[in-house]
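Since the structure comes first, as structure tokens, the remarks are kept for the end.
Just so you know, all these numbers are worked out from the coordinates, no wet-lab data involved. Small disclaimer: the values here were computed from a predicted structure and weren't measured. Here the Cβ positions follow ideal geometry from the backbone for every residue, glycine too, while neighbour counts run over all protein chains shown.
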Amino acid sequence: MATSDRDRLSDRLFAAKSALVIAHIMPDADTLGAALGLGLSLRSLGMTVHLACADPVPTELRFLPSAQEVQPRLYAGEEIIVTVDISDQQRIGMLYDEKIFSTVPVLVIDHHITNTRFGALNWVAEVPATSEMILELLQAHNVTISLDAATCLLAGIIGDTQCFLTSNTSPSSLIAAAQLQELGAPLREIATTVLNRRPTSALAVWREAFINACQEPGIILTTLGSAFLRSVSADDSSTNGLSSWLAGLDGVLISAVLREADDGSVDVSMRSAPEINIAVVAQNLGGGGHPQAAGCVLAGPLSSASERLLAELRPLTARPAPVEELVH
Ligand SMILES: [Mn+2]
């Protein structure tokens, strides 16, 4: 049961004297907000906390209090490892070390339904943001939440709900956000920065993505090659919001953005209409995510990755005719 998972994890967490808190690769507002919100709060209780992420913090998220502390640091003898918003080991990136992760207690806090439960203790809940789980954890333990921690947690909730617009946004998310705003977290500043701020390279990247976009019934797919991305010095976060934007086009049920990495692998980001579950597709292809926002990494080149993905997506958009039509 979710509650006992939470309590077991909470008991171990608050008993520790030191912790390494890890955010996922290509970090977003939720993983960073959860890591920082948790890390700063544990530190206020006297715990030694180190914050780690394999990839750099994107420019637009550097406003998060203590964001500069999140570094690609390796395990350094901490009592426990806590991963936040990480559905499987691959999302730890180069900070993953099989020997360390099988000997040090790993505590997994995550909201992806595809979570593989790779920790010694796993708390996986179906809520819109991991940051919301961190707030619940801190409140259940009567931890005083500072303005800085509140700001980080609210950024996480706003990021993953697209400012309360996703289909899984629940009253509990709004209540959590209200409580964080009451603690002083600046909602408007956070929302405009997290959702609207983009690196300069986004202009060239979105233009290329629009040019390369291909449509077929219910699906829009676009590709970005590694040579192009290098030529415009594209940041990891330059595609933020792109698949959601494409999914908003009339008649689109599924959008996919395929981004070729320097090693030739292809990173896939997908969005879907509420009636289509793309987490299943992502999982079949070795990735994971949420029913309406999921991703995976495919073997290159881009053309074969596109074909492989389309073969999985097409059956999902072949919808049965409405009942009225069947009756007449
Ligand atoms: Mn998340």
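Descriptive notes on the structure:
- Summary of packing: across the peptides 225-231, 26-32, the per-residue average of other C-beta atoms within 10 Å ranks them, highest first, as 26-32, 225-231.
- Cα-based Rg and Dmax for region 80-216, where Dmax is the largest Cα-Cα distance (Å): 17.6, 52
- Counting only DSSP beta bridges whose two residues both lie in the chain, roughly 45 percent are antiparallel.
- The alpha-carbon atoms of region 2-196 define a convex hull whose volume equals 103 cubic angstrom per residue.
- Net charge dipole, region 197-328: roughly 240 debye, given to the nearest 20, about the Cα centre with Cβ charges of +1 for Lys and Arg and -1 for Asp and Glu.
- With θ taken as phi - 60° and the Karplus curve 6.51 cos²θ - 1.76 cosθ + 1.60 applied, the whole-hertz 3J(HN,Hα) list for region 261-267 is 8, 4, 7, x, 6, 10, 8 Hz, x standing for glycine and proline.
- Only Lys, Arg (+1) and Asp, Glu (-1) charged, at Cβ; the chain dipole about Cα centre in debye: 320 debye
- Cut-off 13 Å between beta-carbons: net charge of the residues surrounding L229, Lys and Arg +1, Asp and Glu -1: -4
- Here the peptides 278-286, 254-262, 186-194, 165-173 are ranked by packing, the mean other Cβ count within 10 Å, and the order with the highest first is 254-262, 278-286, 186-194, 165-173.
- Where a label projected 7 Å from the Cα of S172 along Cα→Cβ would reach, residues of region 272-308 with amide N under 20 Å: 289-293
- In the chain, the DSSP-assigned H stretches of four residues or longer account for a calculated mean residue ellipticity at 222 nm of -12000 deg cm²/dmol, using -39500 (n - 2.57) per stretch and the full residue count as denominator.
- Distance between the pseudo-spin-label points of V280 and S4 (7 Å out from Cα toward the beta carbon): 3.0 nm.
- Mean separation of Cα contacts under 8 Å (6+ apart) over length of region 1-153, as relative contact order %: 29 percent
- Set of region 46-87 residues, backbone N closer than 19 Å to the point 7 Å along the Cα-Cβ line of L165: 60-61
- Pairs of Cα atoms nearer than 8 Å and 6+ residues apart set the relative contact order; for the chain it is 13 percent.
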